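Here is the structure we will look at, set down as structure tokens.
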Amino acid sequence: MLSQPIHHDSPFPFFYDNSAFSAEQCAELEHLFLQDGEWQHRDGAFYRCSLRDVTEHIPTRFQTEVLGRMREITGLPLTNHVLVTAQRMQPGQVIGIHSDRPLVGYEIARLVVQLNKHWHAEHGGVLELFSSPESDAVFRVNPEYNKAFGFLLHGDSYHGVTEAAQPRQTVVFNFWHAANTPELAAHVQALFANMHFSELPTLLDSVAAAAELSLPEDTTFYAGMAALALHRWGYDETTIVAGYRHSAGLAICDTNDTETYAAVLLADWVACLYRDSFDLARWKILRRELAGIEIFARLMPTWQLCLPE
């Protein structure tokens with residue numbers, strides 16, 4: 001299983017395996033398209049195909065083996081949760097260029113398995129990779145039988161599928177990072193529920209007003225969210241102002257107070273999760289900066305979800 005992955009770094013890190021599974025395993029996957037079940041039909045201008053959740057039809061043993069290989073290949077702490085979808089494209093359908101950046105609680109990696117016997121170039125349905133939404137395709141992955149394509153989701157993982165001229169069958173395995181789970185998403189949503197910046201202390205008013213005169217609105221809003229996280233965790237005005245200045249890029253938090261330092265960095269991270277997406281490189285920096293620091297009581301619920309052991 002996935003014994004000969006071929007790795008590439010451009011236009012983003014990915015791998016493919018020309019003979020991913022055994023004949024028996026391929027037969028199990030092909031059988032998914034013969035079973036009765038409700039398909040979700042997408043027929044927009046951008047995304048045209050049919051999808052079906054087939055997770056419960058994949059034997060646990062099979063899922064566990066795939067998950068184990070993906071952990072080895074990616075080197076990531078993937079959770080035990082795996083979601084598997086069957087995807088069917090009909091002639092004339094196409095999937096436009098997109099990146100599937102991992103929002104908070106979203107999957108971090110995918111493995112796309114092609115199940116198209118006797119595929120020829122004129123059949124279309126080619127997976128194309130792009131360096132940007134405006135660029136030409138940098139790499140193409142033909143939808144040949146038993147060919148698998150794996151990649152990490154991030155803001156620049158642009159890809160799309162050319163128009164299919166023949167029916168195209170694909171099974172997609174989705175994997176979650178241990179530090180970006182649906183439980184974390186629920187926690188972050190609850191932390192920022194019913195947002196009102198009027199909650200913030202008056203000591204922040206002059207700092208925020210000055211920042212809003214010189215910085216983009218997105219930056220000051222993001223900084224305000226970090227400040228709000230600190231406020232809702234019960235920190236004092238000085239720490240809240242320090243967090244705002246740090247997230248706005250006005251000052252680096254270099255305090256000697258360990259808890260203040262940890263709280264400011266964690267507030268900056270949860271604001272990033274809420275406003276943008278799960279940035280793997282940025283998460284690794286956070287983990288390194290907080291390594292060896294004790295988990296303070298009021299930060300514990302958030303810390304354990306963002307930086308699981």
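Altogether, the Stokes-Einstein calculation at 37 °C and 0.692 mPa s, with the Kirkwood radius of region 135-292 over Cα pairs as Rh, returns a diffusion coefficient of 178 µm²/s. Comparing 275, 110, 288 in a Gaussian network model of the chain (Cα springs below 10 Å), the most mobile by mean-square fluctuation is 288. Coupling constants for region 71-83 follow from the phi torsions by the Karplus curve (6.51 cos²θ - 1.76 cosθ + 1.60, θ = phi - 60°), and in residue order they are 5, 5, 6, 8, x, 9, x, 7, 6, 6, 6, 10, 10 Hz; glycine and proline get x. Over region 106-235, Cα pairs under 8 Å with separation of 6+ residues give a relative contact order of 29 percent. When you work out D = kT/(6 pi eta Rh) for the chain at 20 °C and 1.002 mPa s, using the Kirkwood radius from C-alpha pairs as Rh and the Stokes-Einstein form, the result is 100 µm²/s. Largest accessible area first, the residues 309, 212 order themselves as 309, 212 under a 1.4 Å probe with ligands, DNA and RNA left out.
Each distinct pair of alpha carbons in region 135-198 adds a 1/r term; the inverse of their mean, the Kirkwood radius, is 16.2 Å. Shape annotation for region 191-267: C-alpha extents along the principal axes are 31, 27, 19 Å, from largest to smallest.
Relative contact order of the chain, taken over Cα pairs closer than 8 Å and 6 or more residues apart, is 18 percent.
Relative to the dominant Cα principal axis of the chain, helix 237-247 is inclined by about 40°.
Extending 7 Å from the Cα toward the beta-carbon at both residue 9 and residue 144 defines two label points whose distance is 2.6 nm. Modelled spin-label separation between residue 120 and residue 285, with each label point placed 7 Å from Cα along the Cα-to-Cβ direction: 5.2 nm.
Only protein heavy atoms count here; on that basis, with a 1.4 Å probe, residue 145 has an accessible area of about 70 Å².
The largest accessible area among 217, 289 belongs to the first residue in 217, 289, and the rest follow in falling order (1.4 Å probe, all chains). Rounded to the nearest 0.05, the FRET efficiency derived from the C-beta distance between residue 156 and residue 24 at R0 = 45 Å is 0.75.
The values are calculated or read from the model by the stated rules, or taken from the named source; none is laboratory data. In this text the structure is predicted, and so the values were computed from the model without any measurement. Cβ atoms come from the backbone with ideal geometry, glycine included; neighbour counts cover every protein chain shown. What goes into the accessible areas is simple: the full protein's heavy atoms, side chains included, and nothing from ligands, DNA or RNA. Shrake-Rupley method; radii C 1.70, N 1.55, O 1.52, S 1.80 Å.
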